[in-house]
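I have placed the structure first, in the form of structure tokens, so that the comments after it can refer back to it.
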Amino acid sequence: NAGVTQTPKFRILKIGQSMTLQCAQDMNHNYMYWYRQDPGMGLKLIYYSVGAGITDKGEVPNGYNVSRSTTEDFPLRLELAAPSQTSVYFCASRWGSPVDTQYFGPGTRLTVL
Amino acid sequence: GENVEQHPSTLSVQEGDSAVIKCTYSDSASNYFPWYKQELGKGPQLIIDIRSNVGEKKDQRIAVTLNKTAKHFSLHITETQPEDSAVYFCAASTGYSTLTFGKGTMLLVSP
């Protein structure tokens, strides 16, 4: 299994541009998550999904959108990028139980200039 | 919602010493407490977890303790090695879907 994969690894955007961060998992996990990680601030939940077609907001959803059309994929869309969205973005997934392990992808480092 | 506080933010130890990282949580309904290790340039990886019906759990050199009354839990690493150097995150879960993470502790183990 490849686990959780994310593309791209790095990206530089100009203010106002849009992009989609890709996330895929091959473990048939029901739950998928998007976090952002800023220095000294831990991991903040942006959006999550409990299954295909079902998404919900996390702690910091403003400026982002998600969709979950398949079990495997959970893309994160940034519209009108702002410098405040400069961060490292992690996708994660888990099976179904609340005590199941969350598996994280390698991250996408995004810079908005 | 849940709030998780983690201390210290940085911790420097000599190889072979023990390291302790502490977390407190606010929601008494929290029932699951995982710890993640993040190496430079990688995603976090689960190293140990504990459920609310257990007071202590060990796995080789690492252990976690939970005090439900005081609403705090701790990670203990014994006989530290340079490869233990990383950022460690605690987290707490109350509901079925999400985790709330602490801000992380950077552990530096000097040879």
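The values are calculated or read from the model by the stated rules, or taken from the named source; none is laboratory data. Computed from a predicted model, the values in this text were never measured in an experiment. As a convention, Cβ positions derive from the backbone with ideal geometry for all residues, glycine included, and neighbour counts pool all protein chains shown. Heavy atoms of the whole protein, side chains included, go into the accessibility calculation; ligands, DNA and RNA do not. Shrake-Rupley method; radii C 1.70, N 1.55, O 1.52, S 1.80 Å.
Summarise the accessible area of chain B (1.4 Å probe, protein heavy atoms) by the percent that is carbon and sulfur.
Solvent-exposed carbon and sulfur of chain B make up 47 percent of the total.
Between A:Lys57 and A:Lys14, what is the label-to-label distance in nm when each label sits 7 Å out along the Cα-to-Cβ direction?
3.1 nm
Going down the list A:Lys9/B:Lys37; A:Lys9/B:Lys58; B:Lys37/B:Lys57; B:Lys71/B:Lys103, which pairs span over 23 Å between their C-alpha atoms?
Pairs exceeding the cut-off: A:Lys9/B:Lys58.
Using a loss threshold of 50 Å², tell me which positions in the range A:32-77 are less accessible in the complex than in their chain alone. Probe radius 1.4 Å, ligands and nucleic acids ignored.
Buried on complex formation: A:Leu43.
To the nearest 0.05, how large is the calculated FRET efficiency for A:Ser69 and B:Glu79 if R₀ is 41 Å and r is the Cβ-Cβ distance?
E(calc), rounded to 0.05, equals 0.25.
Among B:Ser26, A:Ile54, A:Gly16, whose Cα lies farthest out toward the positive end of the dipole of the protein assembly as shown, if unit charges sit on the beta carbon of Lys, Arg (+1) and Asp, Glu (-1)?
A:Gly16
Between B:Thr10 and B:Glu56, 0.36 nm times their residue separation minus their Cα-Cα distance comes to what?
Gain on extension, B:Thr10 to B:Glu56, equals 14.2 nm.
Can you give the convex hull volume per residue for the Cα atoms of chain A, as a whole number of Å³?
93 Å³
What part of the accessible area of the range A:28-113, given as a whole %, is carbon or sulfur when the probe is 1.4 angstrom? Each step should come with its number before you reach the end.
Numbers: 1890 of 3630 Å².
So the carbon and sulfur contribution to the accessible surface is 52 percent.
Which semi-axis lengths, in whole Å and largest first, follow from the square roots of five times the eigenvalues of the Cα gyration tensor of the range B:1-93?
22, 14, 12
With heavy atoms of protein chains only and a 1.4 Å probe, what residues of the range B:73-111 have at least 30 Å² less accessible area in the full set of chains than alone?
When all protein chains are present, B:Phe89, B:Tyr96, B:Ser97, B:Thr98, B:Leu99, B:Phe101, B:Lys103 each give up 30 Å² or more of accessible surface.
Quick check for you: with a 1.4 Å probe and neighbouring chains kept, what is the accessible area per residue of the range A:1-108, in Å²?
The answer is 46 Å² per residue.
Quick one: Kirkwood hydrodynamic radius for the protein assembly as shown, alpha-carbon pairs, angstrom, one decimal?
18.0 Å
Could the peptides A:62-68, B:33-39, A:73-79, A:11-17 be put in order, highest first, of the mean number of other beta-carbon atoms found within 10 Å of their residues? It would help to have the intermediate numbers written out before the result.
Values: A:62-68: 16.1, B:33-39: 21.1, A:73-79: 18.1, A:11-17: 12.7.
With the highest mean Cβ count within 10 Å placed first, the list reads B:33-39, A:73-79, A:62-68, A:11-17.
With a 1.4 Å probe on protein heavy atoms only, work out how much accessible surface B and A bury together, total over both chains, in Å² to the nearest 100.
Values: alone 6470 and 6070 Å², together 10900 Å².
Chain pair B/A: roughly 1600 Å² of buried accessible area.
Take every Cα-Cα pair in the range B:25-71 and report what % of them are more than 18 Å apart.
Everything past 18 Å amounts to 36 percent.
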